[in-house]
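*Asks:* Sharing a structure below in structure tokens format, with a few things to ask.
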Amino acid sequence: NDQELLRGKKVLVTAGGTVERIDPVRYLTNDSSGKMGFAIAEAAHLMGADVTLVMGKTSAMPPEGIRTVKVESTQQMLDAVVARLREMDVVVKAAAVADYRPVEQAEQKIKKKEEAMILQLVKNPDILQTIGSMKTSQFIIGFAAETENIDEYALDKLKRKNCDLLVANDVTQEGAGFGTDTNVVRIYDGSGLVEALPVMTKREVARQLLILTVQRMKKGERAN
Ligand code: C5P
């Protein structure tokens, strides 16, 4: 019975894209519907978990009846996740995080004067890697969108970021990736490929992923 699988567990899911302000009316962001993260939050909720959804900018609407924390920048998302990390059993990082932010955020709208302008960027902290290095008993799931060498990049990412499972999608495949209601994913743990799932709805991917998570938490297994 699915309804009991995550009873008593606290699950935090991040979804959507982070937004990095250039000035009060302009920003940098990543394309993200939020659908994969929303599907995971909803599936965890249906399995009885106490779910917190930390969300950036999304084009889809979040599921109803789930506690949401809205954030804008990567730093705000990091703070929101770190503040709740200790009490969580599972953290799923499905957000599309902006890798860079403007060095300066102008307080007033930048006037167009020059023919060319340079926007200087600085690297953002990696949220997944930060919590991976802080984790005590949390089960951490990362995501990766790849266009080539999917197995190699996915495993490298899992190890570098100290995740328990990593979900990779080949965004060049039909039915995978941004905006769609379906996805094609490969799931890895520290010893390699665990599942190569065929094209299925994000809702079904979410359920499969959480079932794997529950099995692993039961065994007390850790990938790293
Ligand atoms: O390195 P890459 O961006 O491909 O890694 C993807 C995974 O890392 C996703 O789970 C994403 O949410 C997370 N990430 C993060 N903070 C960043 C960049 C990525 O948490 N600054």
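*Asks:* Within region 22-42, how many residues are under 19 Å from Val69 (Cβ atoms), of a type outside the set (S, T, N, Q) and surrounded by fewer than 24 Cβ atoms within 10 Å (Cβ to Cβ)?
*Replies:* Counting residues in region 22-42 that are under 19 Å from Val69 (Cβ atoms), of a type outside the set (S, T, N, Q) and surrounded by fewer than 24 Cβ atoms within 10 Å (Cβ to Cβ) gives 1.
*Asks:* Within region 154-162, does at least one residue satisfy the condition of being more than 29 Å from Thr180 (Cβ to Cβ), more than 15 Å from the ligand (Cβ to nearest atom) and either in contact (Cβ under 8 Å) with a residue 12 or more places away in the chain or touching a Phe, Trp or Tyr at 6+ places or on another chain (Cβ under 6 Å) (or both)?
*Replies:* No.
*Asks:* Working carefully through the options Phe143, Phe139, find the one that is surrounded by 14 or more Cβ atoms within 10 Å (Cβ to Cβ), closer than 20 Å to Asp50 by Cβ and aromatic (Phe, Trp, Tyr). Let's see the steps before the verdict.
*Replies:* Values: Phe143 fails: closer than 20 Å to Asp50 by Cβ.
Just one listed residue meets the conditions, Phe139.
*Asks:* Also, quick follow-up: Among Val171, Val199, which is within 12 Å of the ligand (Cβ to nearest atom), at negative phi and surrounded by fewer than 18 Cβ atoms within 10 Å (Cβ to Cβ)?
*Replies:* Answer to the check: Val171.
*Asks:* Output the number of residues of region 45-55 satisfying the condition of being surrounded by 19 or more Cβ atoms within 10 Å (Cβ to Cβ) and in contact with a helix residue (DSSP H, G or I) (Cβ under 6 Å, 6 or more places away or on another chain). Quick ask: steps written out before the conclusion?
*Replies:* Within region 45-55, the subset surrounded by 19 or more Cβ atoms within 10 Å (Cβ to Cβ) is 45, 47, 49, 51-55.
Imposing the further condition that a residue be in contact with a helix residue (DSSP H, G or I) (Cβ under 6 Å, 6 or more places away or on another chain) reduces the set to 47, 51, 53-54.
Number of matching residues: 4.
*Asks:* Continuing with the same structure: Looking at the structure I just gave you, is Ala176 surrounded by 13 or more Cβ atoms within 10 Å (Cβ to Cβ), within 16 Å of the ligand (Cβ to nearest atom) and modelled with pLDDT under 95?
*Replies:* yes
*Asks:* Shifting gears a bit: Thr213 versus (1) β-branched (Val, Ile, Thr); (2) within 16 Å of the ligand (Cβ to nearest atom); (3) over 29 Å from Arg84 (Cα atoms): which is the lone unmet condition?
*Replies:* Condition not satisfied by Thr213: (3).
*Asks:* Collect the residues in region 102-151 that are within 30 Å of Gln208 (Cα to Cα) and of a type in the set (Asp, Glu), keeping them in residue-number order.
*Replies:* Asp126, Glu146, Glu148, Asp151, listed by residue number.
*Asks:* Is it fair to say Val81 is within 14 Å of the ligand (Cβ to nearest atom), touching a Phe, Trp or Tyr at 6+ places or on another chain (Cβ under 6 Å) and in contact (Cβ under 8 Å) with a residue 40 or more places away in the chain? Don't jump to the end; show me each part of the working.
*Replies:* On the way: within 14 Å of the ligand (Cβ to nearest atom): yes; touching a Phe, Trp or Tyr at 6+ places or on another chain (Cβ under 6 Å): no; in contact (Cβ under 8 Å) with a residue 40 or more places away in the chain: yes.
Taking the combined requirement at face value, the residue does not satisfy it.
The values are calculated or read from the model by the stated rules, or taken from the named source; none is laboratory data. Predicted model, so just to flag it, every value in this text is computed and none were measured. A quick note on method: Cβ atoms are made from the backbone with ideal geometry, for glycine too, and the neighbour counts reach across all protein chains shown.
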